[in-house]
Amino acid sequence: MSSPGDSVAPPRYRRLLGRTRETWIQYATLVVVLLLVLAPLVPTLIQSFLSEAIFADDKAFTAGNYGRMFTEADFGQVIVNSLQLAALTTVIAMVLSVALAVVLIRIRIPGGGVMSNMLLWPIYISPLVLAFGFIIIYGPAGYVSKAVSLVTGEVPWNLYTIPGMAVTSAVAYIPLGYLYCSNALRIADTSLENAARTCGARPWRVIWSVILPMLRPPIMYASLLIFTAALEELSIPLLYGSPVGIDTFASFIFTRGLTQANPDYGILGASSIFVLLILGVLVTIQALVLRNSRRFVSVRGKASREHRFEVGRGRWVAFALVVLYLVLGPLLPLFGLVARAFTQVLSPLVSPFEVLSLGNFQVIFGYRQYVGAIGNSLFIALVGAILTTLLMAVAVLVARRSNFRFARPVEVTALAPQALPGTILGLGFFWAFLFIAPISWVQGTVLALIIAFSVRAFPQAFGAIAPMVMQISEELDQAARSVGADWWRTFSRILLRLVTPALLSSFVLLFVQMFKEFSPAVFLGSADSEIIGTTALTLWQNGNTGAVAALSCIQIAIIAIVVFVAGKVLKVRSHA
């Protein structure tokens, strides 16, 4: 019988082939992450140098695809269209984001808190759903377009142009810019603003000369983020641009790969590599911007009280501008989507109360294929979010809390998919599954979508977990190691419990993202693995806008329920 004075023997761990289990886990993490990220990239690179499809027998190596891409496929115009759309989207989104952040965070206006939360609503909605709403309201046959034409005789805007696409994209990405700018304003030291006001500077002078210069880091980073996202966006260019012959990078790959009887895989591979190079450069610039952001530090150790400007009657002007954006931007298209879902037709010539109907929902729930699409989306989002969160949790531990010699490559590989558009990711996995015979059965299954969606979500999961791990002192690791615990036991017994809130946040974030994701599925899906996005796209192409609206409302409702429940659960855990 042991007494309190007896020393406790440290635990002993078995070795496999002379290596500790932490070594095996760390190398396994590197191999899994590396294989999943390279799986779509390597076949795409090879395909760009092949004369025929990568899975064909009579293929030959050639560099001619890159030349034909510009001479035969008119890819030069695609580049111009893509850059114009991305630049215009970024300018509109950032101008409005900065203005809204300054108004809602630094100026005292009625209902500022409520409107600040409403600005973030589009972040939970797929750009595809938002584009449906914009067409229903502002399209050539849209509700507002018809109402305006009845009064003025013409519609003064055209959604099916690059500016029309840019406005819709900007509404989708304004929450990103607003989050970066508003968070920076909330934590910024207000001593400089107070000093300017003490010297007699008026509120607008303080905003122009003090606040806006302090916002340069979030403006730069959010601008690059929005520019990159707009450059790889598929849904809006596909719905607006393709009918009038305006192709961007993603819609070019979509139309060349799916709508042609004999796709030119060589040009598809070459154009994909070209797009990846551009996005790789942009992501590298993002990293450099973040690295140099310390020279803009405005948060000091000394506490300062937040002051909001009193601008007199000007607050009502600011209030009206915010309301105008909210109504014309996200709210009216969403309202139109809901109204179309519950009516047989939506037109200013017919009272909506005369055509109320649940027929659109009966269409959705009356066909097993449509119900299956909802079930597949839920299953993929649930399983994909769990597996990706667990894999990235181990990857973060390997990258940030281990002495693994390849820790840095693990982090770089996990973050690499942020430069990988969903369309190219889906196309790359499509080629990988067909090229590697033993795994060809995966193509067209739900498993293929889980793999593709998970890889696309690696950066978001890593970014959600890493900050909390970095906040935990390494003294806990050292204490556990001093009593004999190895790296894995330290993680599973101590760190895992401490980072549980971050894991839950990552799960919710990934569930929402995967549930509204669809671009990789256009190449990887089949009749048995349809999801909400691909089903809605098919219904739209068939002209069934009512069913599309109903399906979009179901998607929005499920996301709203998940976010609401997650908010309650996370709030409870944060108080536990």
Once the in-chain neighbours fewer than 8 apart are removed, the aspartates and glutamates whose Cα is under 20 Å from K146 read E154, E354
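To the nearest 20 debye, what charge dipole does region 1-141 have about its Cα centre, counting +1 at the Cβ of each Lys and Arg and -1 at the Cβ of each Asp and Glu?
Around 780 debye, computed over region 1-141.
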Sorting W540, W121, W208 on solvent-accessible surface, 1.4 Å probe, most exposed first, gives W208, W121, W540
Carbon/sulfur accessible area of the chain, % of total, 1.4 Å probe, equals 64 percent
Dipole check, the chain, charges on Cβ (K,R +1; D,E -1), about Cα centroid: among G359, V98, P237 the Cα furthest to the positive pole belongs to V98
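Can you figure out the FRET efficiency of F379 with C199, using R₀ = 51 Å and their beta-carbon distance, to the nearest 0.05? Working shown, then result.
Details: r = 61 Å, r/R0 = 1.20.
E between F379 and C199, to the nearest 0.05, is 0.25.
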Here the alpha-carbon Rg of region 121-219 over 2.2 N^0.38 Å rounds to 1.57
Mean Cβ-within-10 Å packing, highest first, puts peptides 256-266, 553-563 in the order 553-563, 256-266
Once the in-chain neighbours fewer than 8 apart are removed, the aspartates and glutamates whose Cα is under 18 Å from K516 read E232, E233, E530
Check: C-alpha center region 478-494 vs C-alpha center region 86-108, spacing in Å is 47 Å
Straight-line reach check, K59, cutoff 17 Å on alpha carbons, 8 or more apart in-chain or any other chain, hits among aspartates and glutamates -> D264
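Report the calculated FRET efficiency for L358 and D57 (r = Cβ-Cβ distance, R0 = 60 Å), to the nearest 0.05. Intermediate values should be presented prior to the final figure.
Values: r = 53 Å, r/R0 = 0.89.
Efficiency at R0 = 60 Å is approximately 0.65.
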Per the charge dipole of the chain (beta-carbon charges, Lys/Arg positive, Asp/Glu negative, Cα centre), the residue among I424, I559, V345 reaching farthest to the positive end is I559
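So what is Rg over Rh here for the chain, counting just Cα atoms and using Kirkwood for Rh? The partial results should precede the final answer.
Values: Rg = 26.1 Å, Rh = 26.2 Å.
Rg/Rh for the chain comes to 1.00.
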Expressed per residue, the solvent accessible area of region 167-259 in Å² (1.4 Å probe) is about 38 Å²
Length-normalised contact order of the chain, Cα under 8 Å, at least 6 apart, in percent, tallies to 21 percent
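How big is the charge dipole of region 443-555 about its Cα centre, in debye rounded to the nearest 20, if each Lys and Arg gets +1 on its Cβ and each Asp and Glu gets -1 on its Cβ? The partial results should precede the final answer.
Numbers: 6 positive and 7 negative charges, 26 e Å.
Using Cβ point charges on Lys, Arg, Asp and Glu, region 443-555 gives about 120 debye.
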Judged on accessible area alone, 1.4 Å probe, highest first, Y124, Y367, Y325 line up as Y367, Y124, Y325
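Please state the shape class of region 210-270: rounded when a/c is under 1.5, otherwise prolate if a/b exceeds b/c and oblate if not, all from the C-alpha gyration tensor. Please list the in-between numbers first.
On the way: a/c = 5.60, a/b = 2.71, b/c = 2.07.
Prolate, because a/c is 1.5 or more and a/b exceeds b/c.
Find how much the distance from I285 to Y367 grows on full extension, using 0.36 nm per residue of separation minus their present alpha carbon separation; answer in nm with one decimal. Could the numbers behind the result be given before it?
Details: separation 82, 0.36 × 82 = 29.52 nm, distance 4.77 nm.
Contour length minus Cα-Cα distance gives 24.7 nm.
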Contact order relative to length for region 442-576, counting C-alpha pairs under 8 Å separated by 6 or more residues, stands in percent at 33 percent
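The values are calculated or read from the model by the stated rules, or taken from the named source; none is laboratory data. Small disclaimer: the values here were computed from a predicted structure and weren't measured. Counting neighbours? That spans all protein chains shown, and the Cβs are built from the backbone with ideal geometry, glycine included. The accessibility values were calculated without ligands, DNA or RNA, using every heavy atom of the protein model including side chains. Shrake-Rupley method; radii C 1.70, N 1.55, O 1.52, S 1.80 Å.
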